[in-house]
Amino acid sequence: MEQEDQSVTVVISQIVKPGCESTYEAWLKDITGVSRIYPGHLGTNVIRPQPGVRSEYVIIFRFDSYENLKVWMESRDRKYWLTQGQQLVQSDPYVQQISGLEAWFSIPGQPLKTPPRYKTALLTWAVVYILSNLLNKLIAPLLGNLPPLIISLIISVIMVGLLTYIVMPRVTRLFSSWLY
């Protein structure tokens with residue numbers, strides 16, 4: 001890994017055996033609960049199967065550094081819970097490790113391919129430029145009485161949330177032929 005001080009995301013895909021979904025959900029609650037006690041844990045997201053769209057569960061673990069992720073991935077706790085859940089899944093999980101902005105440029109359900117850095121930088125800049133101007137036009141007037149640093153803080157929090165969960169996944173799909 002080039003930069004060990006950046007956050008790291010691990011994306012794990014698994015297909016659950018038919019009829020084991022409720023037991024898997026309980027297992028999932030337990031293993032994600034245990035992961036929270038590990039240093040550097042930034043959060044866990046679960047994307048559940050959708051009939052006709054995606055058949056697998058996707059579990060996303062975020063840690064503040066590669067070293068902290070490694071501690072979790074190699075822990076006795078994780079190994080114990082993986083053994084407990086083994087009979088609930090159809091095969092070994094598919095695991096992808098992503099760091100930094102790569103997480104914005106991965107297409108769910110496809111093997112991780114990182115586009116050239118100049119393309120990710122150009123596309124990120126364009127989206128941030130447009131989004132920051134839109135948010136400043138729309139939200140800043142509503143926050144007019146607040147100090148400028150607080151306005152900037154609120155807009156940047158909204159922008160990062162939008163970029164991560166809404167805008168970049170769609171922009172990545174839209175520009176996938178150019179990116180890859």
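The values are calculated or read from the model by the stated rules, or taken from the named source; none is laboratory data. Note that this is a predicted model, so its numbers are computed, not measured. So basically every Cβ, Gly included, is an ideal-geometry build from the backbone, and we count neighbours across all protein chains shown.
Looking at Gly52, Gly19, which one is on the phi > 0 side of the Ramachandran plot, modelled with pLDDT of 85 or more and either among the aliphatic types (A, V, I, L, M) or loosely packed, with under 14 Cβ neighbours inside 10 Å (or both)? Don't jump to the end; show me each part of the working.
Numbers: Gly52 fails: modelled with pLDDT of 85 or more.
The unique qualifying residue is Gly19.
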Just to be sure before I move on: is Leu69 in a helix (DSSP H, G or I), out of contact with any Lys or Arg (no Cβ under 9 Å at 6 or more places or on another chain), surrounded by 13 or more Cβ atoms within 10 Å (Cβ to Cβ) and at pLDDT 70 or above in the structure I sent? no
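One line per residue, one yes/no per condition, for (1) among the polar types (S, T, N, Q); (2) closer than 15 Å to Trp125 by Cα; (3) at pLDDT 90 or above:
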| residue | (1), (2), (3) |
| --- | --- |
| Leu142 | no, no, yes |
| Leu149 | no, no, yes |
| Ile158 | no, no, yes |
| Leu162 | no, yes, no |
| Val167 | no, yes, no |
| Thr172 | yes, yes, no |
| Phe175 | no, yes, no |
| Trp178 | no, no, no |
How many residues does region 8-49 contain that are closer than 17 Å to Phe61 by Cβ, over 15 Å from the mean Cα position of the chain (by Cα) and polar (S, T, N, Q)? 2
Scanning region 18-46 residue by residue, those closer than 16 Å to Pro93 by Cα and among the hydroxyl-bearing types (Ser, Thr, Tyr) turn out to be Tyr24, Thr32
Would you mind stating whether Ile47 is in contact (Cβ under 8 Å) with a residue 60 or more places away in the chain, surrounded by 13 or more Cβ atoms within 10 Å (Cβ to Cβ) and in the same structural domain as Glu21 (by TED's automatic domain parsing)? yes
Do we have Ser156 as surrounded by fewer than 13 Cβ atoms within 10 Å (Cβ to Cβ) and polar (S, T, N, Q) here? yes
Among the residues of region 117-153, what is the count of those that are loosely packed, with under 13 Cβ neighbours inside 10 Å and in contact (Cβ under 8 Å) with a residue 12 or more places away in the chain? 0
Residue list for region 18-43, filter: in contact (Cβ under 8 Å) with a residue 12 or more places away in the chain and either part of a loop (DSSP other than H, G, I, E, B) or among the small types (Gly, Ala, Ser) (or both): Cys20, Ser35, Tyr38, Pro39, Gly40, Gly43
